[in-house]
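Down below is the structure, laid out as structure tokens.
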2 protein chains.
Amino acid sequence: MKALRYENGTLHVAEIAKPVVDGEALVRVMLSGICNTDLEIARGYAGFQGTIGHEFVGVIESVSEARASARASQPSEPSLTVGLLTQGQRVVGEINAGCGACDLCLAGDPRHCAKRTVLGIVGRDGAHAEFLKLPLANLLPVPDQISDERAVFTEPLAAACGILERAPIATDTRVAVIGDGKLGLLCAQVIATTGAPVTLIGKHKGKLQIAERRGIETMTVDETEARKREFDVVVEASGSPSGFATALDLLHPGGVLVLKSTFHGAMEIDAARVVVDEITVVGSRCGRFAPALELLEKGAVDVQSLISEEFTLADGVRAMQVASEPGVMKVLLRP
Amino acid sequence: MKALRYENGTLHVAEIAKPVVDGEALVRVMLSGICNTDLEIARGYAGFQGTIGHEFVGVIESVSEARASARASQPSEPSLTVGLLTQGQRVVGEINAGCGACDLCLAGDPRHCAKRTVLGIVGRDGAHAEFLKLPLANLLPVPDQISDERAVFTEPLAAACGILERAPIATDTRVAVIGDGKLGLLCAQVIATTGAPVTLIGKHKGKLQIAERRGIETMTVDETEARKREFDVVVEASGSPSGFATALDLLHPGGVLVLKSTFHGAMEIDAARVVVDEITVVGSRCGRFAPALELLEKGAVDVQSLISEEFTLADGVRAMQVASEPGVMKVLLRP
């Protein structure tokens, strides 16, 4: 099968063997999405070698007989989906696969298992391929109303939903999101669904308009000067070190700063400011898939406006180049 | 009156006029304590000019007739103390005096008022003097059982108690405190009163022994290697940038890092680690005085072992030099 791989410092599309299923589910990938993490891996920042990609929608090709034990050891989602997961089912998949034995896995949350593998990121071949394998417990059925082009956003949308697990957001919480890239646009839209007033801060008029069409207030970075100390929660989704300083300026004392993007390298922070203003800084990475699928099913979030271009998997290297260009948002790959 | 002042880049003991009371309370200082913040101010880091010092115990010398309005505008403590605050009463005092009009002050917490003055730190002469003035609402009576030498620790002990306002600590929460200086020793003791298992991490055997005598586990920085990812809450009270890195190493995924000391200047953090492990970083500065007085009244915390030396106020400059020497803990000044 074809797979987009990063190996020995080189990104290339290779012909490799189909995954051996050994107790997991084999999924035929219908569509995969290129994430900034993929670009970081291809720059050699993450130490991963193999097939990249972790955003996908696919169809179950086969399910191994180890199904029951896989589910028992990884109860990452409620079991309501068990009956639906058979051959031919359209699915998306949570990307962390825990060891199944540590305290975190046993508590039902393998996202932080120290021995976890992560699809296309840590110790497990990823989604930019014709087939992938994942534990059956990681898979969720996709409702018929959600097209492949929207379902492929489930993973990044779940990451945006993860903010709601980590920060207290009520209908009167004043929230700002810094960064008008695809992550920031998803975060702002997810937070807007709670009824809280959200302001998206960015640099690109065209991108900010996507949020404006959903009734979200927007402003440019220059305009933040007049809004200092005004927000209860600020989400840093720009991936830029200056975003952290802007976030501190915007926060009311006692406010919450959500770090959403994984910067690489060290970041300088004004620690005295965090102490004196008693700020809470919250790291937020992955979220659960169920709330994201619910938002997609209700049509509560516009993800299709975030699609910049689609390539065939065979053209994966060029797709990655396009995805890394300024202003480009989501690039999709079709095997 | 005598006062220890930092002015035009020089620390000196000066003869100045007694404070004019204008609607506040005049307090005769019995004993004051030198804090690391005083040392920072005397190094010119904080931009403050005037009488330094914010840790004190004193006696009310006079109360102006504006008493009722002062209390109404600054309800920072419950009103049970009103009847006791008359001339001759022994008191300690909260150091933040709010504007009385902004949303934070009206909500009863002037600690973050943007226009606040802070005793000996921002816009208000401090406690290393024969007399100071503060709004009556800032003062709390000191129970007779608490000696002056222990009451003078109320402010730093309240700061340690502030951790419990900011981090979730239950009897099964595994807590580490980094830093065996006076702040770290107070933090470890306060957390131990909750019943949670606490480990104090430091470099100085003699200081660690103060905690050990209170039944607190201690370890050296070298020993932390074997305890990585083991703690739910880590309190950084060392004031050293390396303390932050050690804290991240010790934290379990999803853990809480409490930043307790006000570093000056920028600090480098591994932001990706905060995101990937979904760490919460919590800044903590001042705490309320009532819980601190309660701990002192019960004898639940050993503060007297933290006293290194006492000087007369006239000898204040030398006292500050001694306080800045390595290994020295609390230095007291007696007017």
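A short reminder: the numbers here are calculations on the coordinates, not readings from a lab. Source: prediction; values computed, not measured. Cβ sites come from the backbone with ideal geometry, for glycine too, and all protein chains shown count toward neighbours.
What separates the B:ALA107 label point from its copies, with the point 7 Å along Cα to Cβ, is 2.9 nm, written shortest first.
So what's the back-of-envelope 222 nm ellipticity for the protein assembly as shown, counting only DSSP H runs of four-plus at -39500 (n - 2.57) apiece and dividing by all residues, rounded to 500? The partial results should precede the final answer.
Values: 22 runs with 176 residues, N = 670.
Roughly -7000 deg cm²/dmol at 222 nm, from the helical runs in the protein assembly as shown.
Summing charges over neighbours of A:ALA3, with a neighbour being any other residue whose Cβ is under 9 Å away from its Cβ, gives -1 when K and R count +1 and D and E count -1. Just to confirm the number: angle between the C-alpha axis of helix B:289-298 and the first principal axis of chain B, 0 to 90 degrees, nearest 10? Once rounded, the angle reads 80 degrees. Taking the three principal axes of the alpha carbon atoms in chain A, the coordinate ranges are 59, 41, 38 Å, sorted in descending order.
For each of A:ILE52, B:ILE16, count neighbouring Cβ atoms within 10 Å of the residue's Cβ, then give the residues from fewest to most. Kindly include the intermediate steps, with their values, before the conclusion.
Details: A:ILE52 31, B:ILE16 15.
The fewest-first ordering by Cβ neighbours comes to B:ILE16, A:ILE52.
Going from the residue with the fewest nearby Cβ atoms within 10 Å to the one with the most, A:SER240, B:SER261, B:SER32 rank A:SER240, B:SER261, B:SER32.
Picking from B:MET320, B:GLY283, B:LEU257, whose Cα lies most toward the positive end of the charge dipole for chain B (charges on Cβ: Lys, Arg +1; Asp, Glu -1)? Value: B:MET320. Per residue, the convex hull spanned by the alpha carbons of the stretch A:163-283 comes to 93 Å³. When the Cα positions of A:VAL152, A:TYR45, A:ALA14 are compared along the charge dipole of chain A, A:ALA14 comes out farthest toward the positive end, with charges on each C-beta of Lys, Arg, Asp and Glu.
Taking the Cα centre of the stretch A:163-283 as reference, the dipole from Cβ charges on Lys and Arg (+1) and Asp and Glu (-1) amounts to some 460 debye. Considering all C-alpha pairs of the protein assembly as shown, those separated by over 47 Å amount to 27%.
Listed by chain and number, the lysines whose C-alpha is less than 22 Å from the C-alpha of B:LYS203, apart from same-chain residues fewer than 8 away, are B:LYS182, B:LYS228, B:LYS260, B:LYS330. Once the dipole of the stretch B:156-280 is set up with Lys and Arg at +1 and Asp and Glu at -1 on Cβ about the Cα centre, which of B:GLN209, B:PHE244, B:THR173 lies farthest towards its positive end? Selected residue: B:GLN209. Whole-Hz Karplus values for the stretch A:11-25 come out as 9, 7, 8, 10, 9, 10, 6, 4, x, 7, 7, 5, x, 10, 9 Hz, taken residue by residue from phi with 6.51 cos²θ - 1.76 cosθ + 1.60 and θ = phi - 60°; glycine and proline positions read x. The stretch A:274-335 and the stretch A:157-211 have Cα centres lying 13 Å from one another.
Here the dipole of the protein assembly as shown is about 40 debye; that uses its Cα centre as origin and unit charges on the Cβ of Lys and Arg (positive) and Asp and Glu (negative).
Each peptide in B:230-239, B:270-279 was scored by the mean count of other Cβ atoms within 10 Å over its residues; highest first, the order is B:230-239, B:270-279.
For A:SER242, B:SER305, what ranking results if the residue with the fewest other Cβ atoms within 10 Å of its Cβ goes first? It would help to have the intermediate numbers written out before the result.
Details: A:SER242 10, B:SER305 17.
Ranking A:SER242, B:SER305 by Cβ neighbours within 10 Å, fewest first, gives A:SER242, B:SER305.
Taking a straight line from the alpha carbon of B:LYS18, these lysines sit under 17 Å away, with near neighbours fewer than eight places off in the same chain left out: B:LYS2, B:LYS133.
Per residue of B:279-287, count partner chain C-beta atoms within 10 Å of its C-beta, then hand back the mean as an integer. Each step should come with its number before you reach the end.
Working: counts 4, 8, 10, 8, 13, 4, 7, 2, 0.
Partner Cβ neighbours, averaged per residue: 6.
Just add up the charged neighbours of A:CYS187: K/R +1, D/E -1, any other residue whose Cβ is under 11 Å from the Cβ of A:CYS187. In short, 0.
Remark: relative contact order (chain A) = 19 percent; criterion is Cα-Cα distance under 8 angstrom and separation of 6 or more residues. Each Lys or Arg adds one and each Asp or Glu takes one away; over the other residues whose Cβ falls under 14 Å from the Cβ of B:GLY299, this sums to -1.
Can you give the charge dipole size of the stretch A:132-183 about its Cα centre, rounded to the nearest 20 debye, using +1 on the beta carbon of Lys and Arg and -1 on the beta carbon of Asp and Glu? Each step should come with its number before you reach the end.
On the way: 5 positive and 7 negative charges, 36 e Å.
For the stretch A:132-183, the charge dipole is close to 180 debye.
For the stretch A:180-221, the orientation-averaged shadow of the C-alpha convex hull comes to 2.4 nm² (one quarter of the hull surface).
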